[in-house]
Amino acid sequence: MKTWIKNIDIITSDTSNMVIKNASILIHDDRIEQIIQSSDEGKDVQADRVVDGKGKLAIPGLINAHTHTPMTILRNVANDLALEEWLFENIFPLEAKFSAEDVYWGSMLGIAEMIQSGTTSFADMYYFVDQTAHAVEQSGIRANLSFSAYSFTFENGAPVFKDNTKGFEAFFSEYQGAFDHRLNVSVLIHSPYIYDMKTMTESAQVAKDLGSGIHIHLLETDTERKNTFEKYGESAAFACERAGVFDVPCIAAHCVHLNEEDMNVLKRHDVHIAHNPTSNLKLGSGIAKIPQMQSKNLNIALGTDGTASNNNLNMFEEMNLASLIHKGHQQNPLLVTAEEAFVMATHNGAKALGIGHQTGQIKEGYLADIVLLDVEKVHHVPYYNPVSSVVYAGQSSDVSFVMIHGKVVYEKGEFLTIDVEKTKSKVKEIVRRLGR
Ligand SMILES: [Zn+2]
């Protein structure tokens, strides 16, 4: 199958050649075969389908490097609370009532929201993970799903762990590289504040033994920093290093309360940072020192976190906030440029998910994960610099076409792989059952 997208402006997310105007993209099956830099040269292209890109802008699919997709079920349920009260008194008790099927429908709703807003890959952290895997299979999206080698429940406020390494091994062997390599699997370590040295060390060992990555929350709040320092006698970043968490490719979400030594630890192991500006602001967690981490050459990706703390999965908002908050916070408009924020949401996200050599850029030979934006909308006129227009003026509703792995999954407001009406009504049914 060959698809030819012609008459199109492209943001490649390759900083050596960021914008290509008036070009065409030839897609062969799941790959970008050729980028023809002038639309005239492409006149003889033979394709099964021709998409006219006039008035559109092609960008690499956005990559959400930290979320909890099934939490769409809890969207808007508890707001304006500090993380500890929000999580332990509101979120965990409701999540304990979820069935496997609930997680399937919550995942599907979240995936629909991501596709509709131009996200083509995501890194997830949840449970009943096989249900999210089925939703990934059916929807056509790309994902990295993390799965606990040590699951936990709470008794009298303290976590009780269950060795689930056999469960992880079974999940890994079934799903790693599944669905034509659209799915990868990582070890989930919730956080140094819930886990302890033993469960972190043993979880890290499972990742090392099987060759998987790790997805963890790290130093999200100041309270967490104080509590984990008491618990481990050192910073949580050092505790993770000692446990071997950073010996494999690792996504560390939040990293709001890192000091310089913590950043050096993360850089030593090339840990990927998932910056979640909306969630950090909404939960009053603080503002991560992103410019300082950038100066240390850490890989910064962007995430939405779950919909219970955001309250959406819209990566356009994360790009916009990531480019604004550091300028305001440090009174320096030169910080986090539009181009840097865009690269965080695309190329850096792909690197964090371990697929940076295959997606996150529009490049010959890369996977065809391509989003077209309608730049004829009034807020894009005139657009001079397409990257600034996307980051500072762009809206998720600009998304008019989404291709993942060479397959069109969303076009002109229609989902081609998801029954979105059924999905919405199933989630509403779950909410009624939860009694909220
Ligand atoms: Zn999270």
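The values are calculated or read from the model by the stated rules, or taken from the named source; none is laboratory data. These figures come from a predicted structure and were not determined experimentally. As a convention, Cβ positions derive from the backbone with ideal geometry for all residues, glycine included, and neighbour counts pool all protein chains shown.
Quick notes on this one:
- Matching residues, region 1-56, being hydrophobic (A, V, I, L, M, F, W, C) and under 14 Å from GLY406 (Cβ atoms): MET1, TRP4, ILE5, ILE25, LEU26, ILE27, ILE32, ALA47, VAL51
- Residue identified as closer than 19 Å to LYS289 by Cβ and either modelled with pLDDT of 95 or more or surrounded by 23 or more Cβ atoms within 10 Å (Cβ to Cβ) (or both) among ASP222, ASP196: ASP222
- Considering only residues in region 151-170 that are among the aromatic types (Phe, Trp, Tyr) and at pLDDT 95 or above, the one that is farthest from GLY213 (Cα to Cα) turns out to be PHE161.
- Evaluating PRO291 against the criteria (1) surrounded by 23 or more Cβ atoms within 10 Å (Cβ to Cβ); (2) under 21 Å from the mean Cα position of the chain (by Cα) leaves one unmet condition, (1).
- Filter result for LYS56 (touching a strand residue (DSSP E or B) at 6+ places or on another chain (Cβ under 8 Å), at pLDDT below 95 and surrounded by 20 or more Cβ atoms within 10 Å (Cβ to Cβ)): no
- Candidates HIS215, HIS257: the one that is within 17 Å of the chain's Cα centre (by Cα) and not charged (D, E, K, R) is HIS215.
- Exclusive hit being farther than 17 Å from ASP305 by Cα, surrounded by fewer than 17 Cβ atoms within 10 Å (Cβ to Cβ) and aromatic (Phe, Trp, Tyr), set PHE98, PHE154, PHE92, PHE172: PHE154
- Qualifying residue in region 410-429 (condition: under 18 Å from the mean Cα position of the chain (by Cα) and in a loop (DSSP other than H, G, I, E, B)): no
- A single member of PHE147, PHE179 is within 16 Å of the ligand (Cβ to nearest atom) and either closer than 19 Å to ILE63 by Cα or hydrophobic (A, V, I, L, M, F, W, C) (or both), and it is PHE147.
- Test: residue in region 378-391 that is closer than 26 Å to TRP4 by Cβ, surrounded by fewer than 19 Cβ atoms within 10 Å (Cβ to Cβ) and over 20 Å from the mean Cα position of the chain (by Cα): yes
- Enumeration of residues in region 30-51 that are part of a loop (DSSP other than H, G, I, E, B) and modelled with pLDDT of 95 or more: ASP30, ASP48
- Filter result (touching a strand residue (DSSP E or B) at 6+ places or on another chain (Cβ under 6 Å) and farther than 19 Å from PRO333 by Cα) within region 277-299: LEU298, ASN299
- Residues that are away from the ligand (no atom under 16 Å from the Cβ) and not polar (S, T, N, Q), drawn from region 214-239: ASP222, ARG225, LYS226, PHE229, GLU230, LYS231, TYR232, GLY233, GLU234, ALA237, PHE238, ALA239
- Close pairs from region 3-32: first among the acidic types (Asp, Glu), partner not in a strand (DSSP E or B), Cβ under 7 Å, at least 6 apart: ASP9/PRO386; ASP14/GLN361; ASP14/LYS363; ASP29/MET1; ASP29/GLY406; ASP30/ALA368; ASP30/HIS405; ASP30/GLY406
- Single condition GLY177 does not satisfy, out of (1) within 23 Å of PHE122 (Cβ to Cβ); (2) crowded, with 16+ Cβ neighbours inside 10 Å: (2)
- Of the helices (runs of 4 or more DSSP H) lying entirely inside region 270-379, those carrying at least 1 residues that are within 15 Å of the ligand (Cβ to nearest atom) are 277-282, 315-329, 349-352.
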